[in-house]
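Engineer: To start, I am sharing the structure in question, which I have written as structure tokens.
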């Protein structure tokens with residue numbers, strides 16, 4: 001008989017966890033988040049989680065929103081999409097959240113969409129993949145730029161510099177794969193031809209073999225690396241080792257100081273598209289983004305003693321847009337909040353100027369990206 | 001053409017030396033106890049992480065490296081003392097689960113003790129590439145290969161020229177007989193974990209300038225090390241080294257000449273083929289089951 | 001009825017299981033609990049199959065998640081891209097996975113111990129890499145959407161419906177497993193586990209039995225994979241990763257090797273554990289690793305057999 005007892009005990013334990021969250025009084029505004037705080041995408045999820053926690057705590061000190069406290073429920077999906085789907089369900093069914101922010105990666109976001117769409121809960125994703133918002137899904141929004149925009153920005157810069165024959169080297173995991181596919185799609189419209197195309201695994205200790213192949217391809221005028229984590233730093237170091245003379249472009253996936261720290265001197269001269277956040281100080285005073293990114297940078301860096309990244313900014317933008325929508329809707333009614341998020345217009349965030357519409361659930365334009373070059377271990381605006 | 005080939009070989013040697021060190025760690029513990037220690041990769045991670053954080057805190061590299069090796073060896077001994085030894089007599093699969101549990105535990109501990117970010121170490125002797133016959137080699141790769149060779153030579157001396165080393169070898173051949181002639185099997189077990197941890201730590205320290213490290217860095221290296229050890233023939237130190245180099249070079253040549261997307265798959269296909277024809281790996285003892 | 005008797009197969013174990021799975025939903029307050037329960041049931045079915053191989057046959061496999069993923073992707077692609085009815089897609093995937101397992105089974109199962117572990121691990125990883133790389137067909141690392149599961153125009157929709165599918169499947173799988181163990185094939189398998197050479201000497205074609213049970217466990221994994229794909233509506237190659245394979249073996253060993261109900265218990269516990277530990281945040285990995293080590297150190301035979309032995313001892317003492 002003890003199978004039943006054991007099962008019963010386990011279920012009772014889950015029940016107790018469920019109860020403890022349900023027992024909070026005075027109907028707070030509940031914000032749910034599932035993030036990849038551990039696992040291969042932890043450098044996205046960890047700052048996102050810290051950012052959400054910091055601002056929710058601060059907002060609660062200032063009296064919350066609509067006169068109600070804000071309650072934040074965060075789960076760590078470890079980067080696993082099936083876990084993300086289960087946690088999304090838990091947030092909706094068990095924790096009764098009013099809105100969900102999260103999905104550090106495209107895979108976890110896509111898995112959660114299968115849960116949030118039928119449930120009808122507003123969902124703001126923090127991942128880059130264009131599939132999240134294209135085709136438009138009623139309840140789904142996202143804050144970061146898409147990988148397609150990153151590719152467009154890079155190719156536009158190449159075109160400006162007269163580089164038309166290029167090689168790609170991309171990571172064979174989600175971010176790099178998707179970025180690679182989008183790059184192939186948009187390259188022709190910028191007159192860029194991809195003459196060599198290589199991949200590597202995120203944890204490869206050495207990619208000189210792939211780069212040698214690229215180096216031996218005739219006519220390569222530039223190399224474009226799509227990936228995040230330590231991979232691009234390995235690529236950059238190996239690139240220098242092999243003595244390439246053509247410029248190296250990286251994606252927005254490396255737009256954090258960690259990349260420069262890891263790649264060291266080899267990062268000199270690398271170009272990449274990045275949000276205004278990383279070049280906060282260099283933005284002209286007239287830029288409407290300047291005060292926002294400067295303030296966020298100060299908040300984050302004083303709280304956590306580490307350099308701010310654009311990823312933390314995605315979470316900040318998501319939270320701000322969600323709260324603004326709740327304020328405008330003057331309730332947490334899910335349909336009303338959804339409508340208000342869609343009406344977001346002229347929001348100045350860390351990612352750029354956001355104006356959404358019924359057929360654009362991201363609301364950023366290419367101008368949100370700046371081309372930056374790494375010089376003397378720091379970002380320098382290059383456009 | 002030749003320069004290209006040489007470049008692939010250099011790439012393969014760098015990765016291969018790392019895999020070989022990891023594989024050797026598997027082999028030593030396997031010899032002493034017939035345990036496959038799936039936490040071997042975590043030794044590499046702990047070695048790299050402790051050195052990187054200590055150097056970042058301003059401690060000179062040699063001091064930091066020595067301290068890191070010591071810390072890792074302590075972890076290795078603790079693992080043996082508190083997880084492997086109490087489970088003696090357990091089924092092989094049970095011990096596999098224990099060491100996998102240990103690797104998850106150590107990873108979890110690392111993200112609490114340190115953080116989830118990547119850490120780098122400066123290269124030991126600069127970053128000016130060395131040109132060899134049209135191909136280039138980083139000084140750090142020379143360090144990796146050189147230190148690996150030095151450690152391997154040291155181990156050879158230990159196992160063949162010291163009394164205790166010989167006792168360990170004897171235990172691996174016949175545990176009961178070793179016990180009968182008065183060799184402390186418990187001590188042998190503990191020393192084997194300490195040695196493997198040391199190997200892992202040294203490997204972790206020399207590769208961190210190349211690959212960087214974070215709390216999850218041990219997973220991939222552990223897996224590749226296991227592959228190297230099995231390919232070479234379990235319990236054969238030389239086999240593990242050759243296995244590591246074969247896997248590393250096969251990967252590099254595959255990404256150079258075939259497809260970089262399938263290089264890992266190609267490495268595993270090679271391992272499978274070898275096992276189909278040589279079921280005990282390249283240098284494994286032919287198994288004779290006692291009935 | 002006393003507990004030890006209840007758990008003995010054929011004397012009510014199956015009935016007890018049926019009772020537990022039919023009454024468990026009474027304790028579920030909302031759909032999320034159903035979702036977790038379905039995952040637990042699905043894992044349990046895979047583990048019952050895997051236990052035949054690992055527990056009874058004594059052959060380790062570190063690549064079973066690969067078969068699970070092949071079943072899932074087979075169904076996703078056949079229904080999504082080619083419009084094959086889900087039931088037919090499930091059957092076709094299972095047949096293909098079974099054929100694959102049968103073909104690779106022969107050379108692989110000649111290997112022993114850690115060499116076998118390496119070979120199965122390699123196969124799992126190769127499958128994972130192919131699913132990741134062939135993005136034209138599989139959607140790549142970011143995954144692929146899967147349509148609802150329909151039988152004769154009726155869709156299995158919602159977590160409650162899936163719960164009953166999973167529950168029925170588990171009872172069926174346990175029934176197959178219990179019968180198989182008592183069949184000539186089961187006895188041959190146990191002989192292989194005990195001593196392969198001994199079994200051969202008395203005329204058991206060990207190779208054939210090992211390949212058959214390997215194939216059977218792969219088919220179990222494939223069928224569950226197909227259902228999982230339809231239930232989740234979205235899959236990524238990571239369902240076939242090395243970690244998933246390890247997780248599956250851990251479930252079997254933790255619950256108790258060579259114990260069908262042990263495999264079920266192990267699967268249920270390890271599916272619930274991450275949900276229970278979700279509030280531990282950064283300490284989750286340490287707690288999980290600690291539990292794995294602790295269980296194996298103090299109950300090396302796994303939870304269920306160890307507890308059963310303890311019960312027996314207590315009864316003997318009384």
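The values are calculated or read from the model by the stated rules, or taken from the named source; none is laboratory data. It should be emphasised that the depicted structure is a prediction, and the values quoted were computed from it without experimental measurement. Methodologically, a virtual Cβ is constructed for each residue, glycine included, from the backbone with ideal geometry; neighbour enumeration extends over all protein chains shown.
Engineer: Considering only residues that are over 18 Å from the mean Cα position of the chain (by Cα) and either in a helix (DSSP H, G or I) or within 12 Å of chain C (Cβ to nearest Cβ) (or both), which ones fall in the range A:96-129?
Structural biologist: If the condition is that a residue be over 18 Å from the mean Cα position of the chain (by Cα) and either in a helix (DSSP H, G or I) or within 12 Å of chain C (Cβ to nearest Cβ) (or both), then A:96, A:97, A:114, A:115, A:116, A:117, A:118, A:119 are the ones that fit.
Engineer: Has the range B:240-248 got any residue that is facing another protein chain (nearest Cβ under 9 Å), closer than 18 Å to residue A:203 by Cβ and at pLDDT 85 or above?
Structural biologist: Yes, because at least one residue in the range B:240-248 is facing another protein chain (nearest Cβ under 9 Å), closer than 18 Å to residue A:203 by Cβ and at pLDDT 85 or above.
Engineer: Ok, one more. Given (1) out of contact with any helix residue (DSSP H, G or I) (no Cβ under 8 Å at 6 or more places or on another chain); (2) within 11 Å of another protein chain (Cβ to nearest Cβ), where does residue A:256 come up short, assuming only one miss?
Structural biologist: In the conditions (1) out of contact with any helix residue (DSSP H, G or I) (no Cβ under 8 Å at 6 or more places or on another chain); (2) within 11 Å of another protein chain (Cβ to nearest Cβ), residue A:256 misses (1) alone.
Engineer: Still on this model: Just checking, how many residues over the range A:64-95 are more than 9 Å from chain C (Cβ to nearest Cβ), in contact (Cβ under 8 Å) with a residue 24 or more places away in the chain and over 17 Å from the mean Cα position of the chain (by Cα)?
Structural biologist: 10
Yes or no, residue by residue, for (1) out of contact with any strand residue (DSSP E or B) (no Cβ under 8 Å at 6 or more places or on another chain); (2) modelled with pLDDT under 85; (3) closer than 18 Å to residue B:102 by Cβ:
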| residue | (1), (2), (3) |
| --- | --- |
| C:213 | yes, no, no |
| C:234 | no, no, no |
| C:250 | yes, no, yes |
| C:258 | yes, yes, no |
| C:268 | yes, no, no |
| C:272 | yes, no, no |
| C:281 | no, yes, no |
| C:294 | yes, no, yes |
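Engineer: Let me ask something additional. Looking at the range B:113-133, which of its residues are farther than 13 Å from residue A:42 by Cβ and at the interface with another protein chain (Cβ under 9 Å from one of its Cβ atoms)?
Structural biologist: Answer for the range B:113-133, where residues must be farther than 13 Å from residue A:42 by Cβ and at the interface with another protein chain (Cβ under 9 Å from one of its Cβ atoms): B:119, B:120, B:122, B:123, B:127, B:129, B:131.
Engineer: Being within 23 Å of the chain's Cα centre (by Cα), farther than 14 Å from residue B:87 by Cβ and in contact (Cβ under 8 Å) with a residue 24 or more places away in the chain is the filter; apply it to the range C:282-318 and report the residue that is surrounded by the most Cβ atoms within 10 Å (Cβ to Cβ).
Structural biologist: C:304
Engineer: Going through A:153, A:138, A:203 one at a time, which residue ends up being assigned by TED's automatic domain parsing to the domain that holds residue A:218, part of a loop (DSSP other than H, G, I, E, B) and under 23 Å from the mean Cα position of the chain (by Cα)? I'd like the intermediate steps shown before the answer.
Structural biologist: Values: A:153 fails: part of a loop (DSSP other than H, G, I, E, B); A:138 fails: assigned by TED's automatic domain parsing to the domain that holds residue A:218.
Going through A:153, A:138, A:203 in turn, the sole match is A:203.
Engineer: Which helices (runs of 4 or more DSSP H) does the range A:245-330 wholly contain that include 2 or more residues that are within 19 Å of residue A:349 (Cβ to Cβ)? Full working, then the answer.
Structural biologist: Numbers: elements: A:257-263, A:289-304, A:310-329.
Passing ranges, in order: A:289-304, A:310-329.
Engineer: Further question: From C:253, C:268, which residue is more than 11 Å from chain B (Cβ to nearest Cβ), in contact with a helix residue (DSSP H, G or I) (Cβ under 9 Å, 6 or more places away or on another chain), buried (at least 21 other Cβ atoms within 10 Å of the Cβ) and closer than 30 Å to residue B:39 by Cα?
Structural biologist: From the options C:253, C:268, the qualifying one is C:268.
Engineer: Do you know which residues across the range A:259-268 are within 11 Å of chain B (Cβ to nearest Cβ) and in contact (Cβ under 8 Å) with a residue 12 or more places away in the chain?
Structural biologist: A:259, A:260, A:262, A:263, A:264, A:265, A:266 - these are the residues of the range A:259-268 that are within 11 Å of chain B (Cβ to nearest Cβ) and in contact (Cβ under 8 Å) with a residue 12 or more places away in the chain.
Engineer: Also, quick follow-up: Of the residues A:221, A:182, which single one is in contact (Cβ under 8 Å) with a residue 40 or more places away in the chain, in contact with a strand residue (DSSP E or B) (Cβ under 7 Å, 6 or more places away or on another chain) and not assigned by TED's automatic domain parsing to the domain that holds residue A:48?
Structural biologist: A:221
Engineer: Same structure, new question: Find the helices (runs of 4 or more DSSP H) located wholly in the range B:142-255 whose residues include 2 or more that are touching a residue at least 60 places away in the same chain (Cβ under 8 Å) and crowded, with 24+ Cβ neighbours inside 10 Å, and list them.
Structural biologist: So the answer is B:185-211, B:217-232.
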